Amino acid sequence: MEFAYDWRLPVAVNARLLAAAAREHLTSWRLHPAHDTARRHRVDEREARLVFVAHSMGGLITRAALDDRYDSDLRGDTRGVITLGTPFHGAVKAAVILNTGRGTPVPLPHRRLRAICADMPGLHDLLPQYKSLRSNGDIRHLTPGDITSIGGNAELARNAARFHHSQKPIGLPDHRSVVGINQPTWQNLTIRDGQVEAHLDGARAHADGTFIRDNNKNIKFFHVHGDGTVYKESAAIAPAVTTLPLQHGDVAKARTALEAITEIIREDAHMGPPLGEAGCGLTAPDLVEAGRPWKITLSGIDSLAGTTCLLTNLEDAKDHQKLTLSWDDGQARAVATVAAPSLYRISIRTPDDFTVTQLVMADEPGLPLRESQE
């Protein structure tokens, strides 16, 4: 059963709806005549139970839905939970969207998008709940005051922090995480004069919780990477983790991800991705201007041989172009220009048979895009 939810609403609201829908779905199947037939093919002849497959925010909703307050028997009636790129500890990208309106291919001027996001409880639920703010030589948690300073709502920030704290005791039955890796991903942030500066590296802690520091007692920063939206350590909280070199959206739809999910559901042993660092990282703007060139950057590759880059107009399949990759200052890059406003897909195919994709919105030339870049 597919469960659609409004990501603008609080996770708790969607969780209550999911708990009710899951119970109805399971009850309906257990009462179906085909259920008894299926049970007879099992050695233990047990009743059917639920398996949740949840992408991104859906994993937070699933965890909350298994709270006994909504359905005291639902967790016991759940065989397993598979989360795909779920930001269990939040994502810096949510703070960037809240602050600038940038970070998602939505065809609206960024100032307007920022105003809309300011009072969205769902977006506040996605803010980092780990120590992510670099301040005065240290790293600390975001406070409601910090959220207000970047354009958010202090009360929604407090509600989000309380909600995440309440979720810690909730265990996910037979939890498996599918986690995107190798993609440059924001991990920390700095706030200066109400502006967010996101960082592609972050602090890491010793077993006692203290940060790793260099010989000069300064905090050391590490590029952990992730899926381009959720950094690895925010998504990989399950006892069993499958890592795939994919972008955030691809974690829920790429062939390799679907194969991993299928094997987990079948209770077969999934051997994981090929040994070594497969695939590559992809960085591209979320919004570009038609008629003006922009850059695509790849990371994690040593050779361009066998790597292809294709740009396709999703509104006109005949409008596609193969982009030329070249080395630029030690990084693999391609320059792209699109003639018409539309939604485009970048597809990178690597020699190890992985495809990494990202969506880019091309807007009309003019003020909205330039205004948002200033």
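The values are calculated or read from the model by the stated rules, or taken from the named source; none is laboratory data. The model shown is predicted, which means the values in this text are computed figures rather than measured ones. Backbone-built Cβ (ideal geometry, glycine too); neighbour counts: all protein chains shown.
Residue 194 meets all of the listed conditions (1) in contact with a Gly (Cβ under 8 Å, 6 or more places away or on another chain); (2) within 21 Å of residue 125 (Cα to Cα); (3) surrounded by 12 or more Cβ atoms within 10 Å (Cβ to Cβ) but one, namely (3). All of (1) free of Cβ contacts under 8 Å to residues at least 60 places away in the same chain; (2) in a helix (DSSP H, G or I); (3) under 28 Å from residue 263 (Cα atoms); (4) not acidic (Asp, Glu) hold for residue 41 with one exception: (2).
Can you list the strands (runs of 3 or more DSSP E) lying wholly within region 280-374 that have 3 or more residues being not β-branched (Val, Ile, Thr)? Please lay out each step first, then the result.
Values: elements: 281-283, 287-289, 294-299, 308-313, 316-323, 326-328, 331-336, 342-349, 355-363.
Here the list reads 294-299, 308-313, 316-323, 326-328, 331-336, 342-349, 355-363.
The condition of being in contact with a Gly (Cβ under 7 Å, 6 or more places away or on another chain) and among the aliphatic types (A, V, I, L, M) holds for only one of 203, 235, 257, that being 235. Might you let me know whether region 264-282 holds any residue that is at pLDDT 90 or above and not small (Gly, Ala, Ser)? Checking region 264-282: at least one residue is at pLDDT 90 or above and not small (Gly, Ala, Ser).
The numbered conditions (1) within 30 Å of residue 192 (Cβ to Cβ); (2) buried (at least 16 other Cβ atoms within 10 Å of the Cβ); (3) of a type outside the set (Asp, Glu) are all true for residue 52 except (1).
Every residue, every condition in (1) among the basic types (Lys, Arg); (2) assigned to a loop (DSSP other than H, G, I, E, B); (3) under 19 Å from residue 2 (Cβ atoms), yes or no:
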{"position": "46", "(1), (2), (3)": "yes, yes, no"}
{"position": "60", "(1), (2), (3)": "no, no, yes"}
{"position": "64", "(1), (2), (3)": "no, no, yes"}
{"position": "68", "(1), (2), (3)": "no, yes, no"}
{"position": "72", "(1), (2), (3)": "no, yes, no"}
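Checking region 163-171 against the condition returns a match, with at least one residue being at pLDDT below 95, surrounded by fewer than 20 Cβ atoms within 10 Å (Cβ to Cβ), among the hydrophobic types (A, V, I, L, M, F, W, C) and closer than 30 Å to residue 71 by Cβ.
For residue 175, the conditions (1) of a type outside the set (A, V, I, L, M); (2) touching a Pro at 6+ places or on another chain (Cβ under 8 Å); (3) over 28 Å from residue 76 (Cβ atoms) all hold with the exception of (3). Of the listed requirements (1) closer than 17 Å to residue 171 by Cα; (2) touching a helix residue (DSSP H, G or I) at 6+ places or on another chain (Cβ under 7 Å), residue 45 misses just one: (1).
Residue 256 satisfies every condition listed in (1) modelled with pLDDT under 90; (2) of a type outside the set (A, V, I, L, M); (3) assigned to a loop (DSSP other than H, G, I, E, B) except (3). Would you say residue 311 is outside the structural domain of residue 250 (by TED's automatic domain parsing), closer than 19 Å to residue 280 by Cβ and in contact with a His (Cβ under 8 Å, 6 or more places away or on another chain)? So residue 311 passes the test.
Residues considered: 36, 6. Of these, the only one that is exposed (fewer than 14 other Cβ atoms within 10 Å of the Cβ) and in contact (Cβ under 8 Å) with a residue 40 or more places away in the chain is 6. Residues in region 186-196: is at least one charged (D, E, K, R) and at positive phi? Checked region 186-196: at least one residue is charged (D, E, K, R) and at positive phi.
A quick yes/no check of all residues on (1) part of a helix (DSSP H, G or I); (2) touching a residue at least 60 places away in the same chain (Cβ under 8 Å):
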site	(1), (2)
148	yes, no
159	yes, yes
164	yes, yes
170	no, yes
176	no, yes
179	no, yes
190	no, no
196	no, yes
